[in-house]
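Novice: Got a structure for you, questions after.
Only the coordinates and a few stated rules stand behind these numbers; no lab work does. Just so we're clear, the structure is a prediction, and the values are computed from it rather than from any experiment. Don't worry about glycine lacking a Cβ; one is built from the backbone with ideal geometry, like all the others, and counts go over all protein chains shown.
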Amino acid sequence: MSGLLAGLDIGGSKVQAVAVERGGGAAGSGRSQVVEEVRLATALGADGVVRTAQRALAGLAERLGARPPELFAGVGIGVPGLVDPERGVVVQAVNLGLGAGELDLARRLRETWDLPIVLENDVNAGALGAADHLGLGEQDVAYLSIGTGIAAGILLAGQLRRGPHLAAGEIGHVPVDPAGPVCACGQHGCLEAVASGSAIAARWPQLDGRFPSAGGGGPGPAGALFAAAAAGDPEAVAVRDEVAVYLAAGVRMLALTVDVDLVILGGGVAEVGEPLRAAVADQLRGQAVGSAFLRGLDLAGRLRLAPAGTPVAAIGAALLAQPLP
Ligand SMILES: [Zn+2]
């Protein structure tokens with residue numbers, strides 16, 4: 001068996017799979033190195049998800065010229081939803097069409113290959129992958145994923161904070177506008193309902209189709225919104241700034257709750273890149289003008305972007321599969 005780890009990020013439309021060599025990055029960086037990568041469309045439903053994971057692992061292994069059990073010391077899988085890492089079970093994942101029942105994904109995959117398999121929430125996996133890729137060591141980090149929904153993965157001294165109810169970092173469901181729209185969770189004006197990729201798409205519909213959705217490899221409606229705002233469209237500027245105010249509130253919540261060193265902006269909306277970071281940083285600076293307390297915390301200076309075009313959730317999932325020494 002080689003020392004490679006496999007990581008899968010199973011999303012509602014596609015799966016990203018990577019084979020990772022631990023500590024194989026630039027000399028002395030200690031970071032992991034992606035040695036092979038496969039992308040597939042996700043088949044939905046319990047059987048579809050199992051089959052998709054099998055195909056992704058088999059595809060990676062085939063490119064590397066061996067069978068999965070001969071290649072991989074462990075397999076990590078990131079899933080969008082509620083995951084019980086202890087039991088290796090997906091408790092709930094609406095976007096994967098699993099319905100009401102749990103999916104015993106680790107056991108189902110082990111029926112085919114005798115491999116250590118770990119499951120993790122995809123945002124938590126993204127936090128680990130982004131921190132590894134950025135070389136953050138054991139700094140305290142929050143990874144704010146802004147995609148179809150909003151959630152954060154929190155790393156304290158390099159360890160994931162999941163919480164006893166697996167709800168740590170679920171700040172997408174903290175209401176930030178009591179008069180805001182009803183959220184999928186039943187509350188009003190959640191952060192997710194006013195600042196996620198879905199919320200942006202509702203407020204800034206893409207009529208010209210110039211910015212493919214995040215699933216298609218582009219920043220989607222958020223890209224269209226930021227481009228229009230940069231071109232001076234006053235309506236776009238207003239929507240962009242309002243979204244940035246809400247995202248700044250999310251960053252402030254994270255920083256004031258756990259005092260992380262860095263907040264990393266990730267997810268499909270963060271593919272907008274520097275203009276997104278700059279817009280949120282501007283709002284944080286503006287909010288600090290009248291507050292010596294906030295100025296002293298320099299929240300704007302703690303913002304980072306997730307590495308562009310890097311499958312951080314798949315990498316993080318692979319790192320979680322590392323066998324204990
Ligand atoms: Zn909500």
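Novice: Between 42, 303, 152, whose Cα lies farthest towards the positive end of the dipole of the chain when Lys and Arg beta carbons carry +1 and Asp and Glu beta carbons carry -1, centred on the Cα centre?
Specialist: 42
Novice: Tell me, what is a quarter of the convex hull surface for the C-alpha atoms of the range 116-250, in nm² with one decimal? Don't skip to the end; give the middle numbers.
Specialist: Working: hull surface 40.8 nm².
Computed as one quarter of the Cα hull surface, the answer is 10.2 nm².
Novice: Sticking with this structure for a sec: Write down Rg/Rh for the range 276-325, rounded to two decimals, with Rg from the C-alpha atoms and Rh from the Kirkwood relation over Cα pairs. Before the final figure, lay out the partial values.
Specialist: Numbers: Rg = 17.0 Å, Rh = 13.5 Å.
Radius of gyration over Kirkwood radius for the range 276-325 works out to 1.26.
Novice: Hey, another quick one. Could you compute the net charge surrounding residue 187? Neighbours are other residues with a C-beta less than 14 Å from the C-beta of residue 187; K and R count +1, D and E count -1. Write down the numbers at each step before the final one.
Specialist: Working: positive: none; negative: 170, 177, 192.
Its environment carries a net charge of -3.
Novice: In the Gaussian network model of the chain, springs joining C-alpha atoms below 10 Å, which of 233, 132, 259 carries the largest mean-square fluctuation?
Specialist: 233
Novice: Here's a follow-up. How much length is gained on full extension from residue 110 to residue 242, taking 0.36 nm per residue of separation minus their Cα-Cα distance?
Specialist: Details: separation 132, 0.36 × 132 = 47.52 nm, distance 4.72 nm.
So the chain would gain 42.8 nm between residue 110 and residue 242.
Novice: Follow-up question, since we're still on this one. Hey, can you rank 84-94, 68-78 by average C-beta count inside 10 Å, highest first? Provide the component values of the computation, followed by the final result.
Specialist: On the way: 84-94: 16.5, 68-78: 23.8.
For the peptides 84-94, 68-78, the packing ranking is 68-78, 84-94.
Novice: Something else: On average, how much area does the Cα convex hull of the range 100-153 cover when viewed from any direction, in nm²? Each step should come with its number before you reach the end.
Specialist: Numbers: hull surface 22.6 nm².
Value for the range 100-153: 5.6 nm².
Novice: If you don't mind, another one. For residue 278 and residue 44, compute 0.36 nm times the residue count separating them, minus their Cα-Cα distance, and round to one decimal in nm.
Specialist: Numbers: separation 234, 0.36 × 234 = 84.24 nm, distance 3.69 nm.
Taking 0.36 nm per residue and subtracting the Cα distance, the gain is 80.5 nm.
Novice: Placing unit charges on C-beta atoms (Lys and Arg positive, Asp and Glu negative, everything else neutral), compute the dipole magnitude of the range 4-145 about its Cα centre in debye, rounded to 20. Could the numbers behind the result be given before it?
Specialist: Working: 12 positive and 18 negative charges, 80 e Å.
Roughly 380 debye, rounded to the nearest 20.
Novice: Could you grab the relative contact order for the chain? Cα pairs under 8 Å, six or more apart, rounded to a whole percent.
Specialist: 20 percent.
Novice: Now, a different point. Among 80, 68, 93, which residue has its Cα positioned farthest towards the positive end of the charge dipole of the range 49-99, with +1 placed on the Cβ of Lys and Arg, -1 on the Cβ of Asp and Glu, and the dipole taken about the Cα centre?
Specialist: 68
Novice: Can you tell me how much longer the chain between residue 13 and residue 310 gets when fully stretched, taken as 0.36 nm per residue apart minus their C-alpha distance, in nm with one decimal? It would help to have the intermediate numbers written out before the result.
Specialist: Details: separation 297, 0.36 × 297 = 106.92 nm, distance 1.74 nm.
Roughly 105.2 nm would be gained on extension.
Novice: Considering just Cα atoms, how many Å³ per residue does the convex hull of the range 230-325 enclose? If you can, show how the numbers build up before the last one.
Specialist: Numbers: hull volume 11.3 nm³, N = 96.
It is 118 Å³ per residue.
Novice: How far apart, in nm, are two points set 7 Å out from the Cα along the Cα-to-Cβ line at residue 37 and at residue 298?
Specialist: Label-label distance for residue 37 and residue 298, simple model: 3.3 nm.
Novice: Next up: If you consider only alpha-carbon coordinates, what radius of gyration and Dmax does the chain have, in Å?
Specialist: Looking at the chain, its Cα Rg and Dmax stand at 19.5, 61 Å.
Novice: Then there is this: Work out Dmax and Rg for the range 1-135 from the C-alpha atoms and quote the Rg first, both in angstrom.
Specialist: 14.3, 47
Novice: Magnitude of the Cβ-charge dipole of the chain, K/R +1 and D/E -1, about the Cα centre, nearest 20 debye? Each step should come with its number before you reach the end.
Specialist: Working: 23 positive and 32 negative charges, 42 e Å.
The dipole magnitude comes to about 200 debye.
Novice: Mind checking which of 252, 162, 295 has the largest fluctuation in a GNM of the chain, springs on alpha carbons under 10 Å?
Specialist: Of 252, 162, 295, the most mobile in the Gaussian network model is 295.
Novice: Right, next: Count the net charge of all other residues whose Cβ sits under 14 Å from the Cβ of residue 317, scoring Lys and Arg as +1 and Asp and Glu as -1. Could the numbers behind the result be given before it?
Specialist: Numbers: positive: 22; negative: 9, 37, 120, 122, 132.
With Lys, Arg at +1 and Asp, Glu at -1, the neighbours total -4.
Novice: What is the spin-label model distance, in nm, from residue 166 to residue 289 if the labels are put 7 Å beyond Cα along the C-beta direction?
Specialist: 4.5 nm
Novice: For the range 176-306, restrict the atom set to alpha-carbon positions and state the Rg and Dmax in Å.
Specialist: Taking only Cα atoms of the range 176-306, I get Rg and Dmax of 14.7, 44 Å.
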